[in-house]
Each structure stands twice: as structure tokens, then as C-alpha cells.
Amino acid sequence: TRLFGHNGEAGRDGRPGQDGRSGVAANTIADGNPASFVLSGESGGPGEDGEAGYRPRCADQPRDVAHHLQAAHGGNGGNGGQGGQGGNGGDLTVYYRDLAQLQRLSVTAVGGQGGRGGRGGQGTLGCRCPVRQWEQQTCTGTPGQSNYRCQTQRYRCSDGRTGAQGNFGADGRTGEDGQLWLVNQLDPIQPDNPAQSARLSALANQA
């Protein structure tokens, strides 16, 4: 079997969507005044659709040939891009003395939605055969002699297949919700200080 024409090329894959930014972390003191915090993560961007496959370059079908023929195939569609990941919600740390004052705080810190995956590109049609079957006679030996033999062989032409559709991109994951930390004091928590420096003479006096 011999190919005639040129197969179509595959379409370009879609680019992935941009990831959403996470919400910022914040600190506040519950002093009885109303306050509102929006710390939600951004949604991820959608993935780009895959490009359609490129058409094949069809050619005139060769006639009366002694072999099978295959018409050129269509190009495959490109794959869709993956959706962007949703950003995480930001954390809020609240310092308080009176639990009742927490009721005047409003916090929104949900994770962002994942972006939609891109659609796969369409494949293109393959080339077609104008003539699907034909016969060719082949003879051997010398005409008029006993060794002269002829046989008829049937050949066929196969249409080019349609290119496959590209895969759809996966949707991005939804970001995690932010966390609320309640601290029953008004003074900020001091950072850990696991290391200290001192003179060797001072350490010797403490021994």
C-alpha cells in the first residue's frame, strides 16, 4: 500500500490557564468596632482551547497501478490547556478579650474556583478516493507458448481517516479556605527565639 497526498499536521495544544493568587494573611484586634475582611483567593484562569488539526494536502489518485493506495489522513486536533489552580484563602488572626466583640467582625476567606479546562481541537477530514477498486492483469511467459500465464489481481484505495479530536484539559482545583486563629489576649504573640548568644565566660559562671 502506498500513500498519495500529504497527511495533515496536528493542531497546537492550548496553553494552561493562569493560577489565581492566594488571599493575603491579616491580623486584627477585636475592640468592639465593626470590621470586614475579604481575604478570598482568586479564581484560576481558563485553559486555552486546542487548535483544530491542519487539512491534508490531497492529490490526484494514481490510476491503473499494481498496488493498493491510501489517501492522506487528516490532522489531529490539539489538546485543551489545563485550567488554572484556584488561590487559597488568606488566614486571619484575631486578638480579643471579650468573645462578644467577635460578633462585629465579618470575614470572607474562601478558596478561589479552579479554572475551566480548554476544549480539545477538532480533527480534520482525510482525503477521499475517487476510484475505490480496480483490476490489473499480469502475464508471464511467452504469448502462444505453454508457459504463458495470466492472472488478474484486484486492488483497492482506502480513504484517509479523520483526525482525532484533542483531549479536553483538566479543570483546575479549587483553592483551600483560609483559617481563623483566635488568640485570647490583646498583645501580639511574640515570635519564637530558639537561639541565644552569650560569652563563654558568662556560661562558665552559670555552670
Subset of segment 122-149, residues surrounded by 11 or more Cβ atoms within 10 Å (Cβ to Cβ), among the polar types (S, T, N, Q) and assigned to a loop (DSSP other than H, G, I, E, B), comes to Q122, T124
When segment 84-108 is checked residue by residue, the ones that are over 29 Å from R15 (Cα atoms) and either touching a strand residue (DSSP E or B) at 6+ places or on another chain (Cβ under 8 Å) or surrounded by 19 or more Cβ atoms within 10 Å (Cβ to Cβ) (or both) are D91, L92, T93, V94, Y95, Y96, L102, R104, L105, S106, V107, T108
Across (1) open to solvent by 100 Å² or more (accessible area, probe 1.4 Å); (2) among the aromatic types (F, W, Y); (3) farther than 30 Å from G112 by Cβ, F168 clears everything bar (3)
Per the filter on segment 92-104, residues over 12 Å from N27 (Cα atoms), not basic (K, R) and not in a helix (DSSP H, G or I) are D98
| message | Could you go through segment 150-167 and let me know if any residue there is modelled with pLDDT of 90 or more, over 30 Å from G14 (Cα atoms) and assigned to a loop (DSSP other than H, G, I, E, B). | response | no
Residues of segment 58-79 being under 14 Å from T162 (Cα atoms) and open to solvent by 50 Å² or more (accessible area, probe 1.4 Å), in sequence order, are C58, N76
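The values are calculated or read from the model by the stated rules, or taken from the named source; none is laboratory data. Note that the structure is a prediction, hence the values are computed from the model and not measured. For neighbour counting, all protein chains shown are included, and Cβ atoms are generated from backbone atoms with ideal geometry for every residue, glycine included. These accessible areas exclude ligands, DNA and RNA; they are computed on the full protein's heavy atoms, side chains included. Shrake-Rupley method; radii C 1.70, N 1.55, O 1.52, S 1.80 Å.
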